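Presented below is the structure to which this report refers.
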Amino acid sequence: MVILTVDQAKQWMIESQKKLVEHKEQLTTLDQAIGDGDHGINMARGFSEVVDKIEGTEYDTVADVLKSAAMTLTAKVGGASGPLYGTAFLKMAVSLQGKEVTAEAFVDAVDAGLEGIQTRGKAEFGEKTLFDVWYQVAAFLHSEPYDTWEGILEVCQAIIEDTREMVALRGRASYLKERSKGHIDPGSMSSFYIFQAFVDVLEWEKA
Ligand SMILES: [Mg+2]
């Protein structure tokens with residue numbers, strides 16, 4: 001069964017953009033606490049560029065949509081997050097090339113995205129980065145059937161809260177060492193909005 005069509009993939013990016021714009025201030029505040037405060041602006045602007053690009057373009061496959069998003073994010077989003085999200089979507093696109101997006105194919109694609117983030121960011125689980133969210137979502141997708149994927153939201157919320165108590169070991173926040181504790185990781189939060197947008201576009205959500 002196809003779970004994500006080209007139109008749904010476009011809608012995923014559009015819904016992501018809406019959520020990131022809506023929560024721009026929150027992401028900025030989180031990044032001001034342990035980073036340089038640009039995450040809200042970067043993500044809102046980057047995804048607005050993605051939407052501008054994909055809304056005016058015809059795509060044959062979901063892989064093409066994600067590749068297009070990846071190129072835009074890598075080119076337009078500053079800081080560490082542009083290349084990380086760009087890599088994640090690019091690896092997902094490569095994984096989905098020539099395939100219909102079944103639940104199984106999507107799980108493989110998230111694995112590929114996760115690996116991309118890990119390689120690009122040299123991240124491990126528990127270092128208070130967006131990798132933590134992707135890692136938990138991938139683990140969940142492997143263990144749960146498609147019709148329970150709404151559970152992605154709870155999985156994300158739990159790991160986001162966990163990042164609050166973590167000491168940052170990667171990126172700018174790691175300079176703060178122990179002082180990074182007590183703050184949610186901004187990249188984890190933006191990843192949540194992207195996965196929340198994904199859940200929004202799945203068809204069973206509308207039933
Ligand atoms: Mg920043």
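The values are calculated or read from the model by the stated rules, or taken from the named source; none is laboratory data. Worth saying up front: this structure is predicted, and the values here are computed from it rather than measured. Don't worry about glycine lacking a Cβ; one is built from the backbone with ideal geometry, like all the others, and counts go over all protein chains shown. Keep in mind that these areas ignore ligands, DNA and RNA; they rest on the heavy atoms of the full protein, side chains included. Shrake-Rupley method; radii C 1.70, N 1.55, O 1.52, S 1.80 Å.
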Over region 1-152, give the accessible area per residue in Å² for a 1.4 Å probe, as an integer.
44 Å²
If you take every residue apart from residue 163 with its C-beta less than 9 Å away from the C-beta of residue 163, what net charge results, scoring Lys and Arg +1 and Asp and Glu -1?
-3
Roughly how big is the chain's charge dipole about its Cα centre, with Cβ charges of +1 (Lys, Arg) and -1 (Asp, Glu), in debye to the nearest 20?
900 debye
Ignoring ligands, DNA and RNA, please state the percent of accessible area on region 2-206 from carbon and sulfur, probe 1.4 Å.
48 percent
Note down, for region 2-206, the three equivalent ellipsoid semi-axes (square root of 5 times each alpha carbon gyration tensor eigenvalue), biggest first, whole angstrom.
26, 19, 15
With the 8 Å Cα cutoff and a minimum separation of six or more residues, the chain has a relative contact order in percent of 24 percent
Put +1 on the Cβ of each Lys and Arg and -1 on the Cβ of each Asp and Glu in the chain; which of 148, 27, 171 then has its Cα farthest toward the positive end of the dipole?
171
Between residue 75 and residue 59, what is 0.36 nm times their sequence separation minus the Cα-Cα distance? Round to one decimal in nm.
3.8 nm
Label-reachable residues, region 92-135, where backbone N falls under 19 Å from a point 7 Å from residue 177's Cα toward its Cβ:
127-128
Cα→Cβ-extended label distance, 7 Å offset, between residue 25 and residue 153, nm:
2.3 nm
For the chain, what is the calculated [θ] at 222 nm in deg cm²/dmol (nearest 500), taking -39500 (n - 2.57) for each run of four or more DSSP H residues and dividing by its residue count?
-22000 deg cm²/dmol
Stretched out fully, how many nm does the piece from residue 48 to residue 139 gain, at 0.36 nm a residue minus the Cα gap?
29.8 nm
Could you tell me how many degrees, from 0 to 90 and to the nearest 10, lie between the Cα long axis of helix 130-143 and the main elongation axis, the longest principal axis, of the Cα atoms of the chain?
40 degrees
How many angstrom lie between the Cα centre of region 165-207 and the Cα centre of region 101-160?
12 Å
Place a point 7 Å from the Cα of residue 203 in the direction of its beta carbon; the residues of region 78-100 whose amide N falls under 18 Å from it are 99-100
In a shell of Cβ-Cβ distance under 11 Å around residue 106, excluding residue 106 itself, what net charge do Lys and Arg (+1) and Asp and Glu (-1) give?
-3
